[in-house]
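Engineer: Dumping the structure here so I can ask a few things about it.
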Amino acid sequence: MSLITSVSGIRGTIGGFPGDNLSPLDLLKFTTAYVRLLKLKSKRPKVVIGRDGRMSGEIVSQFVCASLQALGVDVVQTGLSTTPTVEMAVPFHKADGGIILTASHNPKNWNALKLLNASGEFISAEEGIQILEWSQDTQIEYAEVDTLGHLEIDSQSIQRHVNAILNLPFIPVDEIRKKQFRIAADCINSTAALALPILFEALNIEFVLINKELTGDFIHDPEPLPQNLVELMNLMNSDNFDLGVAVDPDVDRLALVDENGLYFGEEYTLVCAADFMMQIKPGNAVSNLSSSRALRDLCARKNLGYFASPVGEVHVVKKMKETNACIGGEGNGGIILPDLHYGRDSLVGIALILSNMCHQNKSLSQLKESYPTYFMHKDKIKLDADLKYTELLNYLQKEFQKEQLNFEDGMKIDFEESWIHLRKSNTEPIIRIYTEAKTSAEAEKLALTIKSKIDSF
């Protein structure tokens, strides 16, 4: 059982004891600290709240909503929703912030508080640190009866989200509708089962949904990796589909399967979407240090700028704003389109992929063939309490002192045609080890090499 408190949010397992898990007491502590932050700018804040479909979602939502109201905060409840939908609902309601109740790709026994600012973007690292400090304050002043927060229900947030995508001037809606695409989608027993049909029907797409029962009892590991999408790939092989779609439980990560039932690769979701945007609205692109070089190479091919940020949506968004990027995201299938909002968004990602297929009149597999070829290997090791992380990085720096090194986020080791990136996870008690090379065997070999050196540390 775990409780991970970081600037990325408050994430933990349900059950157990306060301080060790995401208990009601912990929910109250961090909700209160968040409200304290909001009250620096507004005497009576308004907060939008929404959740994914996981099993603990309803009770956690009820508790957080009641806590907010007891603290004198007005609440807009979107209910079952998606992370990007809640992000867009915050500025729509002119709210002071938002809370998304989701543990993203974590298993069903996890949940989390993802905290947003008034722009519907994740709070800054500095604000996150302040909340962590304030969460230790046991003195909580609740609202008196006349100043309790009000509750408003918003049942149209997903529809508004889809409408905003359709209204983007560069999405060829009519052309997509004429194509009459067939799509198979894995909803992973969460809110994609609500959101995807609205998007698909608006685009005249014939679709088949699997794992559409909104139970939160995920039928497979919810991270949209190839080993978890066997059912979707088999379905693609059994019928005539143009595209396979898989998302995580809160619908901000997008993985694709091509028309032949082959995994397109999370890393290439952003590459394909960026390919379209850079054709119709040329500009810079941003991804994080753990993302594929394919995007950098594509930008170079088009004589456009590429920039890398530390891992984490807040860091990617910051770099995108600094460089005025037309698109950005993370190699885990997260696409951020500033024309819509500064947040990872699978729904707009699907629209961009379909737009590129229409624009170039190519299938997904044909698009993949046109991109630089890299293979990524994603590994991890358990972060033991006695592992001295800083000393480990110093040791590895000496081992690879002849290579190009970057310590902006963990340690990135760049070779001529490959790289290694290791960093502490913000969401799990592990060290992530990502490697990329021109062949899958070489990428795996790099991971084994760095793990061997860690073992010998």
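So that you can scan it fast, the table gives a plain yes or no per residue for (1) surrounded by 15 or more Cβ atoms within 10 Å (Cβ to Cβ); (2) over 21 Å from the mean Cα position of the chain (by Cα); (3) under 25 Å from P24 (Cα atoms); (4) not assigned by TED's automatic domain parsing to the domain that holds K46:
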| site | (1), (2), (3), (4) |
| --- | --- |
| Q62 | no, yes, yes, no |
| V76 | yes, yes, yes, no |
| T85 | yes, no, no, no |
| I99 | yes, no, yes, no |
| N109 | yes, no, yes, no |
| S119 | yes, no, no, no |
| G128 | yes, no, yes, no |
| I171 | yes, yes, no, yes |
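Engineer: Conditions: (1) under 22 Å from N109 (Cα atoms); (2) assigned to a helix (DSSP H, G or I). E213 meets all but one. Number of the miss?
Structural biologist: If we test E213 against (1) under 22 Å from N109 (Cα atoms); (2) assigned to a helix (DSSP H, G or I), just (2) comes out false.
Engineer: In addition: Of all residues in the range 142-170, which are more than 30 Å from A202 (Cα to Cα), in contact (Cβ under 8 Å) with a residue 60 or more places away in the chain, of a type outside the set (G, A, S) and not in a helix (DSSP H, G or I)? Spell out how you get there, then give the answer.
Structural biologist: Of the range 142-170, the ones more than 30 Å from A202 (Cα to Cα) are 142-151.
This time we only want the ones that are in contact (Cβ under 8 Å) with a residue 60 or more places away in the chain, so: 142-143, 147-151.
The next check asks that each one be of a type outside the set (G, A, S); those that pass are 142, 147-148, 150-151.
Within the range 142-170, Y142, L148, H150, L151 qualify.
Engineer: Filter the range 345-364 for residues that are over 17 Å from L298 (Cβ atoms) and among the polar types (S, T, N, Q); which is surrounded by the fewest Cβ atoms within 10 Å (Cβ to Cβ)?
Structural biologist: Out of the qualifying residues, it is N361.
Engineer: Restricting attention to the range 234-248, does a residue exist that is in the same structural domain as N204 (by TED's automatic domain parsing), part of a loop (DSSP other than H, G, I, E, B), closer than 26 Å to I198 by Cα and among the polar types (S, T, N, Q)?
Structural biologist: yes
Engineer: So, in the range 10-44, how many residues would count as being surrounded by fewer than 24 Cβ atoms within 10 Å (Cβ to Cβ) and part of a loop (DSSP other than H, G, I, E, B)?
Structural biologist: Total meeting the criteria: 13.
Engineer: Can you pull out every residue in the range 366-386 that is among the aliphatic types (A, V, I, L, M) and either assigned to a helix (DSSP H, G or I) or surrounded by 14 or more Cβ atoms within 10 Å (Cβ to Cβ) (or both)? It would help to see each step written out before you state the result.
Structural biologist: We begin by selecting, within the range 366-386, every residue among the aliphatic types (A, V, I, L, M); these are 367, 376, 381, 383, 385.
Passing the criteria: L367, M376, I381, L383.
Engineer: Limited to the range 256-288, what total is found for residues that are within 15 Å of the chain's Cα centre (by Cα) and assigned to a loop (DSSP other than H, G, I, E, B)?
Structural biologist: Total meeting the criteria: 0.
Engineer: Still on this structure: Would you check if there is a residue in the range 258-275 being closer than 24 Å to P226 by Cα, free of Cβ contacts under 8 Å to residues at least 40 places away in the same chain and in contact with a strand residue (DSSP E or B) (Cβ under 7 Å, 6 or more places away or on another chain)?
Structural biologist: There is at least one residue in the range 258-275 that is closer than 24 Å to P226 by Cα, free of Cβ contacts under 8 Å to residues at least 40 places away in the same chain and in contact with a strand residue (DSSP E or B) (Cβ under 7 Å, 6 or more places away or on another chain).
The values are calculated or read from the model by the stated rules, or taken from the named source; none is laboratory data. In this text the structure is predicted, and so the values were computed from the model without any measurement. Cβ sites come from the backbone with ideal geometry, for glycine too, and all protein chains shown count toward neighbours.
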